[in-house]
Amino acid sequence: MTDSYFERLDDHTFRPTAHVGGAWNPGELHFSPLAGLIVHEIERFAAGRAGPPLLLSRISFDILGFLADDVCQVRVETIRPGKTIELVEATLSIGGRSVTRARAWLLAPIDTGAVAGGGGEPLPSPESLPSRDMAAEWMGGYIASIDVRMVSAPHPGRGTAWIRSDHPLVAGEDVGPVASFVRLTDTANGIATRVRPTDWIFPNVDLTIHLHRQPTGEWVGLDTTVVFGPTGQGITSTVLHDVGGPIGHAQQQLTVRPLPSG
């Protein structure tokens, strides 16, 4: 088995490895590496545009259907071209069916260091923290592939953790820091569970990430709060960190249901 999450088959097509195995269903892919793959393809697409480089500053994913463990395709197009602000859309298909659409705003980099601030305090360093065995609570090859360090003991609906992975996103390819960061971000919904996933299911139907700074380093920090409402909806809200401090926010809309019997 290859060490990466994906193997490229052609310019748009990828084969997932066992490391992408989902947490809810053994025949499903985990969305976290898929999100990273989509960002990687958006950044490859953007690198081919004319003009100065732009920074991915917001991306919103809508999960349209079952993420079957099968070969996938990613295609990217420009929705709103521009020299300093551009909107692109990526579609992920599995088995000829669109299962995720993502829209990303790309913004021109400008030196705003003189007015930068307001992000909050950094999290404690991950290096001295003990690892948490997420596989004791969650199934799947993706969960088994990550190193999770809890900043403090989790409570129902509240958790703060550092995550990293030694597995490359795409075999043999250089991957930028944003795609590397995003490939782990969707894990937020699993580090601060309100109820046991053996009793209830609460998958996310989307993921939206806003960045005020580009990430650096191998660690992804997730300062996460999960709220369940009384009518089947929930929200996972996360302040995103790298080792230098906060870099943005992530939101996930949850569909909350009791685990089907039988």
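The values are calculated or read from the model by the stated rules, or taken from the named source; none is laboratory data. Computed from a predicted structure; not experimentally measured. So basically every Cβ, Gly included, is an ideal-geometry build from the backbone, and we count neighbours across all protein chains shown.
Filter region 167-191 for residues that are closer than 25 Å to ARG101 by Cα and part of a loop (DSSP other than H, G, I, E, B) and give the result.
Within region 167-191, HIS167, PRO168, LEU169, ALA171, GLU173, ASP174, VAL175, GLY176, ASP186, THR187 meet the criteria.
Which residue, of ALA135, ALA144, ALA153, is surrounded by fewer than 20 Cβ atoms within 10 Å (Cβ to Cβ) and assigned to a loop (DSSP other than H, G, I, E, B)?
Working: ALA135 fails: assigned to a loop (DSSP other than H, G, I, E, B); ALA144 fails: assigned to a loop (DSSP other than H, G, I, E, B).
Going through ALA135, ALA144, ALA153 in turn, just one is surrounded by fewer than 20 Cβ atoms within 10 Å (Cβ to Cβ) and assigned to a loop (DSSP other than H, G, I, E, B): ALA153.
With respect to THR236, determine if the residue is in contact (Cβ under 8 Å) with a residue 12 or more places away in the chain, under 26 Å from GLY65 (Cβ atoms) and part of a strand (DSSP E or B).
Values: in contact (Cβ under 8 Å) with a residue 12 or more places away in the chain: yes; under 26 Å from GLY65 (Cβ atoms): yes; part of a strand (DSSP E or B): yes.
Here the answer is yes, as THR236 does meet what is asked.
Scan region 111-169 for residues that are among the basic types (Lys, Arg) and modelled with pLDDT of 95 or more and jot them down.
ARG149, ARG158, ARG164
Being in contact with a Leu (Cβ under 6 Å, 6 or more places away or on another chain), assigned to a strand (DSSP E or B) and of a type outside the set (Phe, Trp, Tyr): is that true of GLU86 here? Explain how you work it out, then say what you get.
Values: in contact with a Leu (Cβ under 6 Å, 6 or more places away or on another chain): yes; assigned to a strand (DSSP E or B): yes; of a type outside the set (Phe, Trp, Tyr): yes.
Yes.
Can you tell me which residue within region 247-260, out of those that are in contact with a Leu (Cβ under 7 Å, 6 or more places away or on another chain) and not hydrophobic (A, V, I, L, M, F, W, C), is nearest to GLY234 (Cα to Cα)? Can you show your working first?
Residues of region 247-260 in contact with a Leu (Cβ under 7 Å, 6 or more places away or on another chain): 247-250, 252.
Narrowing further to those that are not hydrophobic (A, V, I, L, M, F, W, C): 248-249, 252.
On the way: GLY248: 20, HIS249: 17, GLN252: 8 Å.
Looking at the filtered set, the residue picked out is GLN252.
Listed here are the residues, each with its yes/no results for (1) aliphatic (A, V, I, L, M); (2) farther than 22 Å from ILE146 by Cβ.
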position	(1), (2)
ASP10	no, yes
HIS19	no, no
SER32	no, no
GLU77	no, yes
LEU106	yes, yes
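Within region 37-55, does at least one residue satisfy the condition of being surrounded by 24 or more Cβ atoms within 10 Å (Cβ to Cβ), farther than 21 Å from ASP174 by Cα and under 13 Å from the mean Cα position of the chain (by Cα)?
Scanning region 37-55, I find no residue that is surrounded by 24 or more Cβ atoms within 10 Å (Cβ to Cβ), farther than 21 Å from ASP174 by Cα and under 13 Å from the mean Cα position of the chain (by Cα), so the answer is no.
Can you give me the number of residues within region 239-262 that are over 16 Å from the mean Cα position of the chain (by Cα) and either part of a loop (DSSP other than H, G, I, E, B) or under 20 Å from ASP206 (Cβ atoms) (or both)?
Summing the residues that are over 16 Å from the mean Cα position of the chain (by Cα) and either part of a loop (DSSP other than H, G, I, E, B) or under 20 Å from ASP206 (Cβ atoms) (or both) in region 239-262 gives 9.
Starting from region 7-25, keep only residues that are on the phi < 0 side of the Ramachandran plot and aromatic (Phe, Trp, Tyr), then list their pairs with residues that are surrounded by fewer than 23 Cβ atoms within 10 Å (Cβ to Cβ) and not in a loop (DSSP other than H, G, I, E, B) whose Cβ atoms are within a distance under 6 Å, requiring at least 6 positions of separation or different chains.
Close Cβ pairs (under 6 Å, with a partner that is surrounded by fewer than 23 Cβ atoms within 10 Å (Cβ to Cβ) and not in a loop (DSSP other than H, G, I, E, B)) amount to PHE14/ARG8.
Would you please name the residue that is nearest to PRO53 (Cα to Cα), looking only at residues in region 92-128 that are hydroxyl-bearing (Ser, Thr, Tyr) and exposed (fewer than 11 other Cβ atoms within 10 Å of the Cβ)? Write out each step before concluding.
Within region 92-128, the first condition is being hydroxyl-bearing (Ser, Thr, Tyr), and the residues that meet it are 93, 98, 100, 112, 125, 128.
Cutting the leftovers down to exposed (fewer than 11 other Cβ atoms within 10 Å of the Cβ) gives us 112, 128.
On the way: THR112: 17, SER128: 37 Å.
Filtering first and then ranking leaves THR112.
Are any of the residues in region 19-34 farther than 20 Å from ALA250 by Cα, β-branched (Val, Ile, Thr) and either surrounded by fewer than 18 Cβ atoms within 10 Å (Cβ to Cβ) or modelled with pLDDT under 95 (or both)?
Looking for residues that are farther than 20 Å from ALA250 by Cα, β-branched (Val, Ile, Thr) and either surrounded by fewer than 18 Cβ atoms within 10 Å (Cβ to Cβ) or modelled with pLDDT under 95 (or both), one finds none in region 19-34, hence no.
What pairs come out if I take residues in region 70-99 that are free of Cβ contacts under 8 Å to residues at least 40 places away in the same chain and pair them with residues that are part of a strand (DSSP E or B) and surrounded by fewer than 13 Cβ atoms within 10 Å (Cβ to Cβ) whose C-beta lies under 9 Å away, six or more apart or interchain?
Hits for this filter: LEU87/ILE79; LEU87/ARG80; GLU89/GLU77; GLU89/ILE79; THR91/GLU77.
Criterion first (surrounded by fewer than 15 Cβ atoms within 10 Å (Cβ to Cβ) and more than 15 Å from the chain's Cα centre (by Cα)) does GLU89 satisfy it? Full working, then the answer.
Numbers: surrounded by fewer than 15 Cβ atoms within 10 Å (Cβ to Cβ): no; more than 15 Å from the chain's Cα centre (by Cα): yes.
Spelling it out, it is not the case that GLU89 is surrounded by fewer than 15 Cβ atoms within 10 Å (Cβ to Cβ) and more than 15 Å from the chain's Cα centre (by Cα).
Where residues in region 192-212 are at pLDDT 95 or above, within 16 Å of the chain's Cα centre (by Cα) and not in a strand (DSSP E or B), which of them is surrounded by the most Cβ atoms within 10 Å (Cβ to Cβ)?
PRO203
Tell me which strands (runs of 3 or more DSSP E) are completely within region 1-78 and hold 1 or more residues being touching a strand residue (DSSP E or B) at 6+ places or on another chain (Cβ under 9 Å) and among the acidic types (Asp, Glu), or say none if there are none.
Numbers: elements: 6-8, 13-16, 55-63.
Per the criteria, 6-8, 55-63.
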